[in-house]
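J.: Have a look at the structure that comes next, please.
The values are calculated or read from the model by the stated rules, or taken from the named source; none is laboratory data. Computed from a predicted structure; not experimentally measured. Neighbour counts are summed over all protein chains in view; Cβ atoms, including those assigned to glycine, are modelled from backbone coordinates with ideal geometry. Protein only, heavy atoms only, side chains kept; ligands, DNA and RNA dropped before computing areas. Shrake-Rupley method; radii C 1.70, N 1.55, O 1.52, S 1.80 Å.
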Amino acid sequence: MTALDIAGLKVTIAGRDVLRGVDLRLEPGKVHGLAGESGSGKTMTGLAVLGLLPHGSRATGAIRLGGRDLLTLPPKELNKVRGGEVAMVFQDPATSLHPMLTVGRQLTEHMRHHLGLGKAEARARAVELLGKVRIPGAEEAYRRYPHQFSGGMRQRIAIAVALACSPKVLIADEPTTALDVTVQAGVLRLLRGLCDELGLAVLLVTHDLGVMSAVADEVSVMKDGLVVESGPRVQVLRTPEHPYTRSLLESLPDAEVR
Amino acid sequence: MTPLPTTTAPLLAVDDLVVEHRTPGRPSVRAVAGASLRVGPGEVVGLVGESGCGKSTLARAVCGLGPVSAGSITFEGEPVMPLGLRKRRHTGVQMVFQDPYTSLNPRRRVGDQIADGLRTAGDTATSPADLLERVGLPREFAGRHPHEFSGGQRQRVAIARALAARPRLLIGDEPISALDASAQAQVARLMRDLAVESGAGLLFISHDLSVVRLIADRVAVMYLGRIVEVGRTEEVWAEPRHPYTKALLAAIPHPDGMGVLPAELPGDVPDPAAPPAGCRFHPRCPLVMDRCREEDPAFGPVACWLHEPK
Ligand SMILES: Nc1ncnc2c1ncn2[C@@H]1O[C@H](COP(=O)(O)OP(=O)(O)OP(=O)(O)O)[C@@H](O)[C@H]1O
Ligand SMILES: Nc1ncnc2c1ncn2[C@@H]1O[C@H](COP(=O)(O)OP(=O)(O)O)[C@@H](O)[C@H]1O
Ligand code: SF4
Ligand SMILES: [Mg+2]
Ligand SMILES: [Mg+2]
C-alpha cells in the first residue's frame with residue numbers, strides 16, 4: 001500500500017533544474033529516510049509535496065495522494081491537504097510555531113479549521129496531544145508561549161501541531177538537526193513511536209546517517225536532484241550499491257570504527 | 001579547576017570565568033559559572049555540551065562580546081577587553097556563528113563580503129573565488145546572494161568569510177550543524193587544516209562529539225556553565241569518565257544500519273538561574289550518591305566525586 005507516490009518529479013527554479021526526476025514511495029507505518037549532500041534537493045522534494053516551492057518554480061511529474069495528483073490540485077484544495085492529510089515539521093521549530101500565540105491556540109486553531117471541532121473538543125484533543133509528545137504538565141503547557149520551552153520541547157510541540165489533524169503523511173525536514181544528541185534521542189524515539197502507533201507515513205529528511213540508521217525503514221539517497229539509490233535501511237547502509245552512497249558512508253567520522 | 005597543560009604557551013587562557021546575563025525583573029542567569037580553558041597556537045580544542053549550557057556565552061566573552069562578572073580571559077598575553085572599551089574590533093579572533101543568517105548580509109553578493117575579510121588581512125593574492133573553492137563551493141558562486149544558496153551552502157560561505165581575515169584564533173560556534181554528513185567532516189577538517197596550517201588556534205563548539213572527535217586535539221565537556229571534563233580527545237572518546245560525558249556518547253546514533261534507537265538522557269538542562277545544589281549534574285545522574293547532593297565537585301580534570309584527584 002502506498003500513502004504518497006512521487007513519480008518523475010522535476011522542479012525548475014529560475015531556469016535551473018533543481019529536481020531532475022525524483023521517484024519516491026511512502027508507506028503507512030514506515031519511515032522513509034531521505035539523505036544526500038547539501039543542495040541535492042531534499043528540502044525541495046518536501047516543499048513540492050506541500051505545494052510550498054519558492055515563487056517562480058515550475059514542477060512537473062506527479063505527486064499522488066489517495067487518488068489525487070497534488071501538482072494539479074487547485075490552490076484551495078491543496079490548502080486543505082496541507083496541514084490536514086499532509087503535515088510538516090522543519091529543522092527550526094521557530095518555522096513551524098508562531099511566537100505570539102499560546103501553544104494551545106496553535107494546536108486548536110488547526111483542528112478547528114481543518115476538522116471543524118468545537119472549542120471544548122479541540123482543547124481536550126490538544127491536551128491529549130501534548131501528553132502524547134510527552135510535554136510535562138500538559139494542562140499548564142497549553143497556556144504557555146513557545147519561547148517558554150527548551151529547544152527539544154519546542155520541537156515536540158511542533159510535532160504535536162503537525163499531528164493535530166491526524167495526517168496520513170508527515171514530512172520532517174531535519175527535525176533533530178538543531179537539537180542536542182541527548183534531546184535528539186528523545187525526539188527520534190517519539191517519531192518512531194508515533195509512526196508505529198498511528199500508522200503515519202513519514203518522509204524523514206536528514207543528512208545524519210546515524211539518525212537514518214536509528215529510525216528509517218527505507219532509505220533513499222539523493223544527489224544533484226536525483227535519487228541515486230533506494231532500498232531497505234540495512235541494505236543501503238551496509239551494502240550500498242551506488243558509489244556516492246559508499247562515499248557518504250566512508251566520509252563519516254566513525255567510518256574507521258565500523 | 002586546573003586545565004590540562006598544553007605543550008605550547010597558551011594563545012587563549014580562560015580562568016575561572018563567570019558570565020552573568022542580567023534581565024531587569026528576573027534573577028540573573030549565571031551562564032558561565034567558573035570555567036577554565038586553554039587553547040594553544042595551532043591547537044584545536046573542541047567544546048561540547050547541551051544547548052543552553054553556556055558554550056556560546058563563553059565564546060562571545062572570548063570575542064569581547066560579553067559582560068564578564070569574574071575570572072579572566074587573556075588572548076596573546078593581553079587581557080580581552082569588552083568591545084565598548086576598545087577602539088577597534090580585534091581581528092585576531094574571528095567567529096563563525098551558529099546561524100549564517102546573522103553573519104551574512106542578505107543584500108550583498110557573497111564575493112564582496114568575502115573580499116572585506118581579505119582586505120582586513122591585507123591579502124591581495126587570494127580572491128573570494130579561491131576561498132569559495134576551499135570550502136567546497138564552485139568559484140562562480142561569488143556573484144550570488146545569500147538567499148540563492150541552500151542552508152548548508154550558506155554556512156560554507158560564512159566560513160569562507162571568517163577565514164578570509166586570517167584570524168589567529170578561529171571560533172566556530174556550531175559552524176557545521178547545518179551541513180550534510182560528508183560536508184560536516186570535510187568542513188570540520190578544513191577548518192582544522194586552515195587553522196593549524198596558519199598557526200592559529202581553533203575553538204570548535206559543537207553539540208556533536210563525533211565530529212569534534214575527528215578534529216580536536218583536546219576536548220572540553222561543558223555542563224550548566226562548568227567544564228566537567230577535559231582531556232585528550234582520543235582518551236575521552238575511548239574512556240569517558242564523567243557520567244555526563246558517558247551519556248553524551250551513548251546518545252550518538254551509529255550509522256550501522258541496525259535500527260537501534262540511541263539512549264535518552266532524561267530531563268532537560270536545568271535553569272542556570274537556579275542551578276541544583278552540590279554537583280550540578282546530580283538530578284540527571286544515574287550514579288548519584290548522597291554526597292553529590294550537597295558538595296560541589298569543583299575540581300578537574302573530571303568534576304565528579306567518583307574522580308576526585310588524589
Ligand atoms: N529560493 C531558491 N532560489 C533558487 N535556487 C534555490 C532556492 N532554494 C534552493 N535553491 C537551490 O536548489 C537546490 C536544492 O536545494 P535544497 O534546499 O532542496 O537542498 P537540500 O538538499 O535540502 O540541502 P541542505 O542539506 O543544505 O538543506 C540547490 O542547488 C539550491 O542552491
Ligand atoms: N542575552 C541573554 N540574556 C539572558 N539570558 C541569556 C542570554 N543569552 C543566553 N542566555 C542564557 O544563558 C544560558 C547559556 O546560553 P548559551 O551560552 O547560549 O548556551 P549554548 O551556546 O551552550 O547553547 C542559557 O540559559 C540561556 O538561556
Ligand atoms: S559527582 Fe555525583 S552526581 Fe555528579 S556526576 Fe559524579 S556521580 Fe554523578
Ligand atoms: Mg534542506
Ligand atoms: Mg550556542
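J.: Please specify each residue of segment A:190-227 satisfying the condition of being free of Cβ contacts under 8 Å to residues at least 60 places away in the same chain and either within 16 Å of ligand 3 (Cβ to nearest atom) or more than 18 Å from A:ILE159 (Cβ to Cβ) (or both).
T.: Residues satisfying the conditions are A:GLY210, A:SER213.
Each row is one residue, and each column tells you yes or no for (1) open to solvent by 60 Å² or more (accessible area, probe 1.4 Å); (2) more than 9 Å from chain A (Cβ to nearest Cβ); (3) more than 18 Å from A:GLY186 (Cα to Cα).
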| residue | (1), (2), (3) |
| --- | --- |
| B:PRO253 | no, no, no |
| B:LEU265 | no, no, no |
| B:PRO270 | no, yes, no |
| B:ALA273 | no, yes, yes |
| B:ARG280 | no, yes, yes |
| B:ARG284 | no, yes, no |
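J.: Hey, among A:GLU174, A:GLU197, A:GLU140, which residue is on the phi > 0 side of the Ramachandran plot and open to solvent by 10 Å² or more (accessible area, probe 1.4 Å)?
T.: Among A:GLU174, A:GLU197, A:GLU140, only A:GLU174 is on the phi > 0 side of the Ramachandran plot and open to solvent by 10 Å² or more (accessible area, probe 1.4 Å).
J.: Out of B:ALA178, B:ALA220, B:ALA142, report the one residue that is modelled with pLDDT of 95 or more and open to solvent by 10 Å² or more (accessible area, probe 1.4 Å).
T.: B:ALA142
J.: Would you point out which residue out of A:ALA160, A:ALA185, A:ALA172 is without any contact (Cβ under 8 Å) to a residue 60 or more places away in the chain and away from chain B (no Cβ under 13 Å)? Give the steps one after another, and end with the answer.
T.: Numbers: A:ALA185 fails: away from chain B (no Cβ under 13 Å); A:ALA172 fails: without any contact (Cβ under 8 Å) to a residue 60 or more places away in the chain.
None of the others qualify; the one that does is A:ALA160.
J.: A further question follows. State which residue is farthest from ligand 4 (Cβ to nearest atom) when the search covers only segment B:46-62 and only residues that are assigned to a loop (DSSP other than H, G, I, E, B) and buried (at least 22 other Cβ atoms within 10 Å of the Cβ).
T.: Looking at residues that are assigned to a loop (DSSP other than H, G, I, E, B) and buried (at least 22 other Cβ atoms within 10 Å of the Cβ), I get B:GLY54.
J.: For segment A:109-131: of the residues being buried (at least 19 other Cβ atoms within 10 Å of the Cβ) and touching a residue at least 40 places away in the same chain (Cβ under 8 Å), which is nearest to A:GLY84 (Cα to Cα)?
T.: So, considering only residues that are buried (at least 19 other Cβ atoms within 10 Å of the Cβ) and touching a residue at least 40 places away in the same chain (Cβ under 8 Å), the one nearest to A:GLY84 (Cα to Cα) is A:HIS114.
J.: Hey, among the residues in segment A:210-227 that are open to solvent by 10 Å² or more (accessible area, probe 1.4 Å) and either more than 16 Å from the chain's Cα centre (by Cα) or at the interface with chain B (Cβ under 9 Å from one of its Cβ atoms) (or both), which one's nearest to A:GLU85 (Cα to Cα)?
T.: Among those residues, the one meeting the criterion is A:ASP217.
J.: What is the number of the single condition among (1) more than 12 Å from the chain's Cα centre (by Cα); (2) within 20 Å of B:ILE176 (Cα to Cα); (3) more than 7 Å from every other protein chain (Cβ to nearest Cβ) that A:GLY231 does not meet?
T.: Exception for A:GLY231: condition (2).
J.: Working carefully through the options B:LEU163, B:LEU170, B:LEU132, find the one that is outside any helix (DSSP H, G or I) and either farther than 30 Å from B:GLU50 by Cα or more than 14 Å from chain A (Cβ to nearest Cβ) (or both).
T.: Criteria check complete, one pass: B:LEU170.
J.: Sticking with this one: In this structure, does B:SER206 turn out to be within 16 Å of ligand 2 (Cβ to nearest atom), among the hydroxyl-bearing types (Ser, Thr, Tyr) and within 8 Å of chain A (Cβ to nearest Cβ)?
T.: Spelling it out, it is not the case that B:SER206 is within 16 Å of ligand 2 (Cβ to nearest atom), among the hydroxyl-bearing types (Ser, Thr, Tyr) and within 8 Å of chain A (Cβ to nearest Cβ).
J.: While we're on this one: Take the conditions more than 15 Å from the chain's Cα centre (by Cα), open to solvent by 10 Å² or more (accessible area, probe 1.4 Å), facing chain A (nearest Cβ under 7 Å) and closer than 21 Å to B:ALA303 by Cβ and apply them to B:ALA238. Does it pass?
T.: no
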